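Asker: There's a structure below that I have some questions on.
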Amino acid sequence: MSITPSPGPPPAHPLPAGLEPLEKGDPERLGPYRLVGRIGAGGMGAVYGGLDGGGRCVAVKTVHARFARKRAYREAFAREVDMLSRARGVSTAHLHAADVTARVPWLAFDYVPGRDLRSHVREFGPLEGEMLRAFAAGTAEGLAALHAAGIAHRDVKPGNVILSPDGPKIVDFGIATTIGARRATDRGASYGTPGWVAPERYAGASAAPAADVFAWGALVALAATGRDPFGHGTPEELRRRVSAGDHDVEGVPEDLRTLVEGALSTDPGRRPSAVDLMRALLPPPAGAGADGRGRAVPAAEVLRALLRDYWRGVDAAGHDPVRWAAAAGMVSAAGIAGGVLGGAGTGTGTGVGAGAGTAAGSVGGTAAGSGGAAGLATGTGTTTAGATGGTLSAIVGSKAAIAGAGVLVTAGAVTGGYVVYDQVGTAPAEAVTAAATTLEEGGGFVVEVERRFTDAHAEEVAARTGRLVEAVLEESRAAVEYRYAADQDTFLARGEVMGQGSVAAAGRDGRLYVYGSALEESEASQPVTPAWEATADDLGPHLVTGPLREMAGSGDLEEDAGDGTDGRVYTGSLTARLVVDGEVVEEAARGLVEVDAEGAPVRMEYTGELWRVEADFTGAGGSVEVVDPQQGPELGGERLEVLHAPACGEVELYERVWQVRADAWEMTCDRAMEVAELVGTENERVETPIGYAGTGAVTYLVDREIACTGVRDFVPGLSGASSPWSLVHCTPASSLGETDLGWEEFEFGPSTLIRFVQAG
């Protein structure tokens, strides 16, 4: 992509409100966008106002070239693009296009006209009545959509919430990150704005939706009272008040105060989720029919109706697309008013991922995307007081629940804690997102996957190798069972993932375990060098749900005629991501997913150039148990050897350095290192039971619950007493009581908790 420097002469028409002139060296165009002026700039880059070929206004964000040369900054910008591409809420800004590989990386997203929350409240005073409730519901929906897409915003504050003529919009994903991102790899872990940062973030907690909900409570308090709930002061003073829960919400209406105070709880576990807030704030849809089944109404539709009826007194703060185009010299103002920008219209954004979607534009309005809220949990709606007039009255009625991809329902079957209603009338993207959410946020899922070469690729391989096509296909065939247990936060893949007959387990905290057939005794303490490149981040629920979410945001998703069953079938484009013998493989593919009458996924398949994958869901949404394979059949495992486990650190003992591995899921690295450093020391927490003299083995009991074993390495030519000691492993230990000989006997458990491997 080329960047043409601005020639410098002033535009023929004065710049409209909200824009400053382009500066020397600024580009005139970025990608398909003609730049009109500067919206703002910071230390990292500039944000421009631009127009696409259809006259739609967008904001184009860039990174300064001097930072773009550095890998870390370019990667951070790419993460922001990824976050924006997954933001599909009514109340979030949407991505239109991006180029992260350009010399000056850029991304284009909705230009949201209006004032930020603080400016609006300062100029017009606090929000009141149903206007305030619409603000609270809209911002809750925006957060629910982000959280359902796996995004933690982390910088929700008044300056990042714009009050546009169409409703509140959450903007600026500069430090957004994946929910659960580990602090060690989280470059923005300490970022945020004092007075809006949740207390647990000061204590080092990882990115989580609860922190955004905390900021939501503070936003609503400011919107209702005109005051910051934690006041003003130095960062240290604000941190102290936030951590102590010293907030001022006096003046917040009673019907909102309980929600606000709950959101501002210092205990993140006591805060409502964004879905809970939506459930309390959005009215339910119309009553069900006599058979208990009614039209499924997307939450996005209900929110838009709420905003149409009650969102009043918010202007575009001087924004006018006609003046943007005139300032850019694209066409005459009269021509624009009567043509491209005359009246309401729709345009399809081009570019990246799920954010590239439909946007509505008008002469004095905003380019607000139409993606609905995603991934909303079950709950009974509470009717909004006074919500009886206008468009909203058509869908307000009796009891309802919120389900799946923002679908408000009146009845339905409960599946794994979700009410996923018959999706008649629901947009395909919402139905497919609902299927992904059911998998991700239910109790767990089990899916049996078979992959093989495509026929075309098998024919190519056969022609190249002189083998039969059937033989090539059969050799490429592999079956894998994936199990995800939400309560354990563990994902287990049994089959040919890390190699034939392997079992791999991964947790979101970065743990990766690989199991195989039991090692020979001589190999038991030898280091195993992984022959694979896949990490814990590559193995997780997203291996199964990622294709669904990509299909939902593909832009070409459509409903298929299906086979006449009660379920529905959807097809769309995606990027297939597989782990084949420990190697991560990606390719463009065409996918298909079938959901049942309740909206839960039944099967999916996708075909690319090289691979064809078929998946059958044998369990979705309900409780799933995953057992550590090394525990043996009597405990539900398979008595497999741990080939790879987290390496926690090193200790020195017996004049050697040992690598410490946490071989069991329940063994954290902190605990493993604590135990390892106690072994061999004179400490009241360590015992050496008698009864092992002359056996060439010694057992150290740590805290009377973990038994660590050392053995003699008998060396030819050396006496037993002269042979060096080696550490082997630690296992669970429990006392059996005193023996007749007066010494205490212990039973050692079957699983290995900690293994020691000689370093170097």
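Asker: Output the qualifying pairs, or none if there are none: Cβ atoms under 8 angstrom, residues six or more apart or on different chains, first residue in the range 57-85 and without any contact (Cβ under 8 Å) to a residue 60 or more places away in the chain, second residue among the acidic types (Asp, Glu) and not in a helix (DSSP H, G or I).
Answerer: ALA59/ASP110
Asker: Which condition breaks for ARG79 when tested against (1) at pLDDT 90 or above; (2) surrounded by fewer than 23 Cβ atoms within 10 Å (Cβ to Cβ); (3) among the basic types (Lys, Arg)?
Answerer: Of the numbered conditions (1) at pLDDT 90 or above; (2) surrounded by fewer than 23 Cβ atoms within 10 Å (Cβ to Cβ); (3) among the basic types (Lys, Arg), the odd one out for ARG79 is (1).
Asker: Still on this structure: List every residue pair whose Cβ atoms lie under 6 Å apart, where the two residues are 6 or more positions apart in sequence or sit on different chains, the first residue falls within the range 181-210 and is surrounded by fewer than 23 Cβ atoms within 10 Å (Cβ to Cβ), and the second residue, located anywhere, is modelled with pLDDT under 50 and not in a loop (DSSP other than H, G, I, E, B).
Answerer: Once the first residue is surrounded by fewer than 23 Cβ atoms within 10 Å (Cβ to Cβ) and sits in the range 181-210, its partners that are modelled with pLDDT under 50 and not in a loop (DSSP other than H, G, I, E, B) give ALA189/ARG183; GLY204/ARG183; SER206/ARG183.
Asker: Evaluate the range 99-120: report whether one residue or more is surrounded by 17 or more Cβ atoms within 10 Å (Cβ to Cβ), among the charged types (D, E, K, R), touching a His at 6+ places or on another chain (Cβ under 9 Å) and closer than 22 Å to ALA274 by Cβ.
Answerer: Among the residues of the range 99-120, at least one is surrounded by 17 or more Cβ atoms within 10 Å (Cβ to Cβ), among the charged types (D, E, K, R), touching a His at 6+ places or on another chain (Cβ under 9 Å) and closer than 22 Å to ALA274 by Cβ, which makes the answer yes.
To keep it simple, each residue is scored yes or no on (1) touching a residue at least 12 places away in the same chain (Cβ under 8 Å); (2) assigned to a helix (DSSP H, G or I); (3) among the hydrophobic types (A, V, I, L, M, F, W, C).
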site	(1), (2), (3)
ALA597	yes, no, yes
TYR606	yes, no, no
GLY622	yes, no, no
GLU625	yes, no, no
GLN630	yes, yes, no
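Asker: Also: Among ALA41, ALA65, which is within 30 Å of THR139 (Cβ to Cβ), among the small types (Gly, Ala, Ser) and out of contact with any Phe, Trp or Tyr (no Cβ under 8 Å at 6 or more places or on another chain)? Lay out the reasoning, then the answer.
Answerer: Details: ALA65 fails: within 30 Å of THR139 (Cβ to Cβ).
None of the others qualify; the one that does is ALA41.
Asker: Being of a type outside the set (A, V, I, L, M, F, W, C), at pLDDT 75 or above and not assigned by TED's automatic domain parsing to the domain that holds VAL593 narrows it down to one of THR415, THR454, THR438, so name that one. Please lay out each step first, then the result.
Answerer: Details: THR415 fails: at pLDDT 75 or above; THR454 fails: not assigned by TED's automatic domain parsing to the domain that holds VAL593.
The match here is THR438.
Asker: Quick one: count up the residues across the range 650-668 that are crowded, with 16+ Cβ neighbours inside 10 Å and more than 19 Å from ALA697 (Cα to Cα).
Answerer: Residues meeting the conditions: 9.
The values are calculated or read from the model by the stated rules, or taken from the named source; none is laboratory data. Keep in mind that this is a model prediction, so the values were computed, not measured. Cβ coordinates were reconstructed from backbone atoms using ideal geometry, including for glycine residues, and neighbour counts include every protein chain displayed.
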